[in-house]
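Engineer: Structure provided below as structure tokens; questions to follow.
The values are calculated or read from the model by the stated rules, or taken from the named source; none is laboratory data. Keep in mind that this is a model prediction, so the values were computed, not measured. Note: ideal-geometry Cβ built from the backbone for every residue, glycine included; neighbour counts use all protein chains shown.
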Amino acid sequence: MGSVSDPGRRSILVGTAGWADSDLIASGWYPPGVRSPADRLRHYASVFPLVEVDSPYYAIPDVSVVRGWAENTPSGFVMDVKAYSLLTGQRTPVTSLPPDLRELTDHAWISLTNAPKEVVDESWHRFQQAVEPLRTAGRLGLVLLQFPATCRPGASGEQLISDALSRCAPLKAAVEFRNGAWLDARHQDRALGLLREHGAAHVCVDMPQSHADAMPLLLAATADTAVVRLHGRSEQWAGGDKRERYRYEYSADELDAWASCARQLSKSAESVHVVFNNCCGGAAQRAAAGLLERIEAA
């Protein structure tokens, strides 16, 4: 299983965002006969040491499902989990809430500005309960807190992030900003300092830089684990649908450069998690395998 460690305990783990999307299944990446969800996860975990689980962003999973993830992966396998959308202030459909919590609001969509306090509190409680089987089994890596573009630098934005990190504790967290102002010359030091105060990882993002909402790439480690998420560099990012935005094949030269970046980050953190999110037809798996080859060769 592909991870790279040096004598100083530092490691680079490479994986993808998910293992069960329909495009990946249709791509032929899985061998013949690997058909059930459990078989797919077992096969994935035999190839890569890390996966990012994105489905909890859309709905808090049942504990029994998460227990199955732990049971079908080997010791040492790491699963980063994206937090439920409401927990980071994202606009969230009420239909994604557990049925009993839907009754507590008359809104069709909620965020932290209009969600009842008991809904937010219980959502945090149930999310942490849901990931407990991974923590108990030693599989849980980081909780990915992805904040919306409306979360801007300033007192209210800092409070939102600080509150989420406090509520996430004692689980280790990573923060992905979606508003580039956090990383500009004026705000960067304060933003990274906030993450360091909470022991949270800064998520280094690779994405197209040709549109106004682009997050700049900043390689920085603010915790024991450094995180890189590679979304691809599609020219359709600003105007395309979801598939067009993430349809991208990393070139050999780009993978060479990212191998160097991962090694650079490993000098400042005990571990580095590199997640390919160019999820379209097995492109992420191909890129992850290519990156592992380059890191191992070095």
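Residue-wise test of (1) in contact with a Ser or Thr (Cβ under 8 Å, 6 or more places away or on another chain); (2) closer than 24 Å to Arg139 by Cβ; (3) among the aromatic types (Phe, Trp, Tyr).
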{"residue": "Gly18", "(1), (2), (3)": "yes, yes, no"}
{"residue": "Ile25", "(1), (2), (3)": "no, yes, no"}
{"residue": "His43", "(1), (2), (3)": "no, yes, no"}
{"residue": "Val78", "(1), (2), (3)": "no, yes, no"}
{"residue": "Val94", "(1), (2), (3)": "yes, no, no"}
{"residue": "Glu103", "(1), (2), (3)": "no, no, no"}
{"residue": "Asp106", "(1), (2), (3)": "no, no, no"}
{"residue": "Trp109", "(1), (2), (3)": "yes, no, yes"}
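Engineer: Within the stretch 219-239, is there a residue that is surrounded by fewer than 20 Cβ atoms within 10 Å (Cβ to Cβ), modelled with pLDDT of 95 or more and not acidic (Asp, Glu)?
Structural biologist: For the stretch 219-239, residues surrounded by fewer than 20 Cβ atoms within 10 Å (Cβ to Cβ), modelled with pLDDT of 95 or more and not acidic (Asp, Glu): present.
Engineer: Which residue is farthest from Thr92 (Cα to Cα), if the candidates are limited to the stretch 131-150 and must be buried (at least 17 other Cβ atoms within 10 Å of the Cβ) and either acidic (Asp, Glu) or over 18 Å from the mean Cα position of the chain (by Cα) (or both)?
Structural biologist: Ala137
Engineer: Could I ask something else about it? I want to confirm something. Restricting to the stretch 162-199 and keeping residues that are over 30 Å from Glu249 (Cα atoms) and touching a residue at least 40 places away in the same chain (Cβ under 8 Å), which single residue is farthest from the chain's Cα centre (by Cα)?
Structural biologist: Within the stretch 162-199, the match that is farthest from the chain's Cα centre (by Cα) is Arg167.
Engineer: Exactly one of (1) surrounded by 12 or more Cβ atoms within 10 Å (Cβ to Cβ); (2) out of contact with any Gly (no Cβ under 9 Å at 6 or more places or on another chain) is unmet by Glu197. Its number?
Structural biologist: (1)
Engineer: Can I ask one more? Does the stretch 257-285 hold any residues that are in a helix (DSSP H, G or I) and without any contact (Cβ under 8 Å) to a residue 60 or more places away in the chain, and which are they?
Structural biologist: In the first step, residues of the stretch 257-285 are kept if they are in a helix (DSSP H, G or I); the result is 257-266, 283-285.
Of everything in the stretch 257-285, those that are in a helix (DSSP H, G or I) and without any contact (Cβ under 8 Å) to a residue 60 or more places away in the chain turn out to be Ala257, Trp258, Ala259, Ser260, Cys261, Gln264, Ala283.
Engineer: On the given criteria, is Arg196 within 27 Å of Gly28 (Cα to Cα) and among the basic types (Lys, Arg)? Steps first, please.
Structural biologist: Values: within 27 Å of Gly28 (Cα to Cα): no; among the basic types (Lys, Arg): yes.
So Arg196 does not fit the description; no.
Engineer: Got a number for residues in the stretch 54-105 being of a type in the set (Asp, Glu), surrounded by fewer than 22 Cβ atoms within 10 Å (Cβ to Cβ) and over 15 Å from Ser123 (Cα atoms)?
Structural biologist: First pass over the stretch 54-105, keeping only residues of a type in the set (Asp, Glu): 54, 62, 71, 80, 100, 103.
Adding the requirement that they be surrounded by fewer than 22 Cβ atoms within 10 Å (Cβ to Cβ) leaves 54, 62, 71, 100, 103.
Filter once more, so that each one left must be over 15 Å from Ser123 (Cα atoms): 54, 71.
Qualifying residue count for the region: 2.
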